[in-house]
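The values are calculated or read from the model by the stated rules, or taken from the named source; none is laboratory data. All values derive from a computational prediction rather than experimental measurement. Methodologically, a virtual Cβ is constructed for each residue, glycine included, from the backbone with ideal geometry; neighbour enumeration extends over all protein chains shown.
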Ligand SMILES: NC(=O)c1ccc[n+]([C@@H]2O[C@H](COP(=O)([O-])OP(=O)(O)OC[C@H]3O[C@@H](n4cnc5c(N)ncnc54)[C@H](OP(=O)(O)O)[C@@H]3O)[C@@H](O)[C@H]2O)c1
């Protein structure tokens, strides 16, 4: 973990929100608009939701608004006509937006599509709030090396990693015995395998505790999300994979824990509202106000914990195995999962096929060596091709 404490803080702070139209992006904007004068918005980006992006841009007046999908350019351009906001489209334009000088960048794009824009934020030495966990899964070692090289600061936004970050003693990291990641278990925690065979996309995206984008909701339902988070934790914190545990905690009150050699377990608690971990990253190293509902301990009667079931949720096992295998395996796992989740959301495969496709892609793919970001893209494309062919078969 690289933390460069920027003691002298310029006000207002220049911020860029990558993936501003998504769940994390909208929550970030909600916080910014509560103290509008404290920020200058440099850039906002989306994939193809030009209408929502234009509406945000008219309110926040960024220098630049960008859609990744060129087909949405015209709609965005027309919607922002008469403003001085520069409009662009395409993946390179998203990277250009992420390269505008900013003190703080929210990496809120979903999937490996967020890798290059997140790297662009890192390369200008900004403080980067990382929601886009797939960036660390597909290129963790390379991304962490870029952070070091450019003196950037990466702050976790995932609620679990924010929790760990808040209770992790970096000066005594060798005194940490375990990281305990909590998992809600998702909407099918108590379902049988037979029942899960016929899960629909609508059922899978209806998370019991969190309101999130479609992809992470499906990942939570398969528990691949927790697997991706084990990989993310491995890169963020100096603790080996064997000492990163997962425990199912259906109430999502404890967001994760760190156990020390004296037996003390430190936890961070809160209501399931992403504005708390986003505020922690946005305000860091200070705490800022966030409007999340406060916990009422008199009403919390039951905090329970269970062992994850790796038979019904094999994605968690696959992610751990990919991390243990190292090399290209996590990149292949991530790419195959993205393709399979899309296939499921589009009704082309069943829910349980997601993990099957990932497992078969990991077995069939060539595990090329990964030495640089170009290699990551090559492995990612290779794995997507295999996963797509498996879905089409
Ligand atoms: N949601 C949560 O509570 C939560 C919690 C922890 C971690 N995370 C992580 O945060 C990330 C974002 O999640 P989310 O739930 O906010 O996702 P989301 O609601 O689906 O939003 C994704 C954002 O990324 C944009 N986007 C999608 N594909 C893109 C592409 N190819 N190129 C550029 N931009 C693209 C979307 O634009 P359009 O609107 O135009 O599609 C949208 O702005 C994920 O990595 C997720 O795992 C989310």
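So, residue 256, is that one surrounded by fewer than 15 Cβ atoms within 10 Å (Cβ to Cβ), at pLDDT 95 or above and more than 30 Å from residue 36 (Cβ to Cβ) or not? So that I can check it myself, show each step before the final result.
Numbers: surrounded by fewer than 15 Cβ atoms within 10 Å (Cβ to Cβ): no; at pLDDT 95 or above: yes; more than 30 Å from residue 36 (Cβ to Cβ): yes.
Answer is no for this residue.
To keep it simple, each residue is scored yes or no on (1) touching a strand residue (DSSP E or B) at 6+ places or on another chain (Cβ under 6 Å); (2) outside any helix (DSSP H, G or I).
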site: 55; (1), (2): no, no
site: 66; (1), (2): yes, yes
site: 72; (1), (2): no, no
site: 76; (1), (2): yes, no
site: 95; (1), (2): no, no
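Put simply, of 45, 28, 21 the only residue that is within 12 Å of the ligand (Cβ to nearest atom), in contact with a strand residue (DSSP E or B) (Cβ under 6 Å, 6 or more places away or on another chain) and more than 23 Å from residue 81 (Cα to Cα) is 28.
The set of residues in region 207-231 that are closer than 16 Å to residue 333 by Cβ and surrounded by fewer than 24 Cβ atoms within 10 Å (Cβ to Cβ) comprises 215, 230.
Going through region 240-253 one residue at a time, which ones are over 13 Å from residue 303 (Cβ atoms) and surrounded by 19 or more Cβ atoms within 10 Å (Cβ to Cβ)?
244, 246
Could you check region 347-390 and list, in sequence order, the residues that are outside any helix (DSSP H, G or I), within 26 Å of residue 221 (Cβ to Cβ) and over 22 Å from the mean Cα position of the chain (by Cα)?
Within region 347-390, 347, 348, 349, 350, 352, 365 qualify.
Quick check on residue 78: is it modelled with pLDDT of 95 or more, surrounded by fewer than 17 Cβ atoms within 10 Å (Cβ to Cβ) and either more than 24 Å from residue 122 (Cα to Cα) or within 22 Å of the chain's Cα centre (by Cα) (or both)? Here the answer is yes, as residue 78 does meet what is asked.
Among the residues of region 81-97, those identified as without any contact (Cβ under 8 Å) to a residue 60 or more places away in the chain, within 15 Å of the ligand (Cβ to nearest atom) and either more than 30 Å from residue 341 (Cα to Cα) or in contact with a helix residue (DSSP H, G or I) (Cβ under 6 Å, 6 or more places away or on another chain) (or both) are 87, 89, 90, 95.
Just checking, which of 263, 283 is at positive phi, surrounded by fewer than 24 Cβ atoms within 10 Å (Cβ to Cβ) and more than 16 Å from the ligand (Cβ to nearest atom)? It is 263.
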